[in-house]
Amino acid sequence: MTTPANTGEEPARRVPEHIHRRRWAILTVLMFSVLVVVLDNSILNVAMKTIASPEPTGLGATQSELEWAINSYTLVFAGLLFTAGLLGDRVGRKKVLIGGMVVFGLGSVLAAFSGSPTELIVFRAVMGLGAAFVMPATLAILVNVFERDEQAKAIGIWVAAVGLAIAIGPITGGLLLEHFWWGSVFFVNVPVVLVAVVAMAILVPDSRDPAPGRLDPVGVTLSVIGLVLVVYGIIEGGQLADFTDPEVLATIGAGLLVLTGFVFHQKRSDHPSIDVGYFRNPAFSAAIAAIALVFFALLGVTFFMIFYTQSVRGYSALQSGLLLLPVAAAQLIFAPRARLVVDRFGARAACTAGMLMVAATFFGFLTLDRDSPIWVLEVLFFIQGCGMAHIMPPVTVAVMQALPRDKAGSGSALNNTFRQVGGAMGVAVLGSVLSTAYRGGIDDELARTPGLSDAQRHTAGESVEATLTVAERMGPAGRRLAASAEDAFIHAMHITSIGAGAVALVGALVVGCFLPGREATAGPAPAGTRPGPREAAGKARR
């Protein structure tokens, strides 16, 4: 890798010296903000069973209410990410970051003391509002406090923090639920937010686009409406387990139509929110697509693995969380070092290999059954984490370095928007596949089970947890139904894993075809001198 150090040239540093000296302390603070936002969503997955319990243990939430406790957060978060990134570029990323953390902390307090499922859903939406302003700001600030030659390393550490949060969320949730009330999974955010806000006020410098141009209210409005409609349609399709439902198709279609209008408006506007010309750069578009595809597959699978470990294998919430540690360990080990692999082999080879590793783990889930040695699952999780660690840092670097530093908020927003929409689609689509396959496998056994009304059979067929609850109430007579439920879930899990593996293979094809190889990534241009997408496209044609 060619750097100024080995060419005898000294780079013109764009980061002020006093900020450069404390860059690693700033990164640590940013990691805490990412940790608490991502960790909260993975904690909730563990707490769902407790929240569904009758009062005073839980809130007595129905399956639909539980889904909306997750989805209200996702809907607001995904819908406002792009707008939050633009706002950070315009008014200052530090202000937006601290404001987002305060709103997130307030929403956490309110959610912890919710008196009903409806209140929990509303306050989770408030948390999503805060999180939408936190995530783009962290990555945008990172790009503005690190020089270009250190950005890959810093982004690798940032990605590792995201992976760590996904893995330790269930562990933290399990520990809290063993000793405190269900609301503790939200209240635990408060001390972290307080410490992080104080540290941000002291350490984190403010930055913004020095020439943001005029406001683009039409573009912002179209982006919010379009994203909300698309995400809502995806969520609704997942809940109905039917993406051909007219209401679902109409909602998603309307969202896509609005987003098409957004793109058309951006191309014609003399002050666009985002220059859509960046998508003409194949490497930029491939990186964005890779982010969406890998989170589509990953979050869809993570969703059902919790049910496999708890409902089928009988592990507690805490034990299920501990089983995810290999994912976190692999990302902590390899994500900060992914840049070394990219330097040697190129982004294309590193990301393609990572995607193939992730696909292999999904297909590896086909070997799991009710009695599989648990070390098999642990090995698969470690390989999955290793694959992720070699995907996310290079593609995130590709997205962030394709845009000028002044537009870092927009780049971070695009990165997080596609990740969130991809993840929401993964949970909805793969969850729908799982639900449909499970119901198809258990319906005959439910029909043969005596003493159940049609309404009870319908409810019991919604999920493995619902079937096992009915079987438990039947006493010894329910053992056969419980065994059939576990077998049906394993079969449905295998079908869903095949779908996730296929999506990961598509991701491998995308990055293998369009990400730059070793020659293109060996010598990055100094910060501030690289060509834009239109100039790069012109050079490529010449």
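Derivation of every value follows stated rules applied to the coordinates shown; laboratory data play no part. Please read all numbers here as calculations on a predicted model, not as lab measurements. Every residue, glycine as well, gets a Cβ built from its backbone with ideal geometry; the counts of neighbours run over all protein chains shown.
Okay, here's what the table says:
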quantity	calculated
Net charge over other residues, Cβ less than 14 angstrom from the Cβ of Ala477 (K, R count +1; D, E count -1)	+2
Ellipticity estimate at 222 nm from DSSP helix runs (n ≥ 4, -39,500 (n - 2.57)) divided over the chain, nearest 500	-26000 deg cm²/dmol
Using θ = phi - 60° and Karplus 6.51 cos²θ - 1.76 cosθ + 1.60, couplings along region 329-336 (whole Hz; Gly, Pro as x)	4, 4, 5, 5, 6, 9, 4, x
Space enclosed by the convex hull of the alpha-carbon atoms of region 49-140, per residue, Å³	79 Å³
Two-site FRET efficiency, Asp369 against Val91, from Cβ-Cβ distance with R₀ of 35 Å, rounded to 0.05	0.05
Range of Cα positions in region 213-372 per principal axis (Å), largest first	60, 48, 25
Rounded tilt (10° steps) of 117-145 against the dominant C-alpha axis of the chain	30 degrees
Those residues of region 336-377 whose amide nitrogen sits under 15 Å from the label point placed on Asp487, 7 Å along Cα→Cβ	369-371
Distant-in-sequence amide H partners of Ala61 (H built 1.01 Å from N, under 5 Å)	Ala52, Ser53
Spacing of the two label points (7 Å from each Cα toward its C-beta) at Thr57 and Asp270, in nm	6.6 nm
Compactness of region 217-272 - radius of gyration and Dmax, Cα, Å	12.9, 43
Listed candidates (1) 65, 65, 47; (2) 76, 58, 49; (3) 80, 44, 44 - label of the one calculated as Cα extents along the principal axes in Å	(3)
Region 446-451 - phi-based ³J(HN,Hα) in whole Hz, Karplus 6.51/-1.76/1.60, Gly and Pro as x	5, 5, 7, 7, x, x
Under 16 Å from the Val506 label point (7 Å along Cα→beta-carbon), backbone N, region 275-311	286-301
Residues Glu150 and Glu178, FRET efficiency given R0 of 45 Å [Cβ-Cβ distance, rounded to 0.05]	0.65
Of the chymotrypsin sites (Phe, Trp or Tyr not before Pro) in region 179-211, those whose Cβ has at most 14 other Cβ within 10 Å and which sit in DSSP loop	Phe180
Estimated vicinal HN-Hα couplings, Hz - region 416-430 in sequence order (Karplus 6.51, -1.76, 1.60; Gly, Pro = x)	6, 5, 5, 5, 5, 5, x, x, 4, 5, x, 4, 5, 6, 5
Lys pairs, the chain - Cα-Cα below 24 angstrom, 8 or more residues apart or on other chains	7
Protection proxy ranking, peptides 197-205, 243-251, average beta carbon neighbours within 10 Å, highest first	197-205, 243-251
Whole-number D in µm² s⁻¹ for region 19-206, Kirkwood Cα-pair radius fed into Stokes-Einstein, 25 °C, 0.890 mPa s	147 µm²/s
Net charge of neighbours whose Cβ lies under 12 Å from the Cβ of Val204, counting Lys and Arg as +1 and Asp and Glu as -1	+4
Potential lengthening between Leu256 and Ala447 on full extension [0.36 nm per residue; Cα-Cα distance subtracted]	64.6 nm
Within-15-Å neighbourhood charge of Gly115 [Cβ basis; K, R +1; D, E -1]	-2
